[in-house]
Amino acid sequence: MSKQDLSVTAKLINGGVAGLLGVTCVFPIDLAKTRLQNQHGKDIYKGMIDCLMKTARVEGFLGMYRGAAVNLTLVTPEKAIKLAANDFFRQLLMEDGMQRNLKMEMLAGCGAGMCQVVVTCPMEMLKIQLQDAGRLGEAYPNFTWNQ
């Protein structure tokens, strides 16, 4: 193993930390996107900033992270699956294990992505349902959105 190769443990830790930071930073934007997409002709929100401000006012700061627990819980295994599958497919597809071949690298990435989808798809469906619960007023039935 060369000095540039990382151990499996280091890859899992790196992937997990990157995933956790990514979810934490981007999740409020994703929540606003989901709620804006699911307005179904009703003018609940005028735009992304309006959505985030109303969410923070009605549900509090942590309301902008509604549904994030699913992502935060599953992002580390998701990244671990992708990294492990990518390494597995690279070893399987590389002739001598060392030579770089763009087509084989792309196929390895494709295989890893397909394995990752097994975790990601159900996680995304649950996340969207949790994000949309606040927009539907399930948590706040007496609140008027046009304030």
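The values are calculated or read from the model by the stated rules, or taken from the named source; none is laboratory data. On a predicted model such as this, the values are computed, not experimentally measured, just so you know. Don't worry about glycine lacking a Cβ; one is built from the backbone with ideal geometry, like all the others, and counts go over all protein chains shown. These accessible areas exclude ligands, DNA and RNA; they are computed on the full protein's heavy atoms, side chains included. Shrake-Rupley method; radii C 1.70, N 1.55, O 1.52, S 1.80 Å.
About the Cα centre of the range 1-131, what is the dipole size in debye to 20, counting +1 per Lys and Arg Cβ and -1 per Asp and Glu Cβ, all else neutral?
Numbers: 15 positive and 11 negative charges, 82 e Å.
Computed charge dipole of the range 1-131: roughly 400 debye.
Starting from the residue with the highest accessible area, list K79, K127, K103 in decreasing order, probe 1.4 Å.
Numbers: K79 50, K127 5, K103 150 Å².
Result of the area sort, largest leading: K103, K79, K127.
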Mind running the shape call on the range 68-116? Use the C-alpha gyration tensor, a ≥ b ≥ c as the square roots of the eigenvalues: rounded below 1.5 for a/c, prolate if a/b tops b/c, oblate otherwise. prolate
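Can you figure out the FRET efficiency of L126 with Q91, using R₀ = 35 Å and their beta-carbon distance, to the nearest 0.05?
On the way: r = 33 Å, r/R0 = 0.94.
So the FRET efficiency works out to roughly 0.60.
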Ignoring ligands, DNA and RNA, how do L107, L20 rank by accessible area with a 1.4 Å probe, largest first? L107, L20
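First check a/c for the range 25-93, with a ≥ b ≥ c the square roots of the eigenvalues of its C-alpha gyration tensor; if it is under 1.5, answer rounded, and if not, answer prolate when a/b is larger than b/c or oblate otherwise.
Values: a/c = 4.34, a/b = 2.50, b/c = 1.73.
It is prolate, given that a/c is not under 1.5 and a/b is the larger ratio.
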So for the pair V118, K33, with labels modelled 7 Å out along Cα→Cβ, what separation do we get in nm? 2.6 nm
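Go through K54/K79; K54/K127; K82/K103 and tell me which ones have a Cα-Cα distance over 23 Å in this structure. Kindly include the intermediate steps, with their values, before the conclusion.
Numbers: K54/K79 33 Å; K54/K127 20 Å; K82/K103 18 Å.
Table pairs above 23 Å Cα-Cα are K54/K79.
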Would you check the accessible area of M53, probe 1.4 Å, heavy atoms only, in square angstrom rounded to 10? 120 Å²
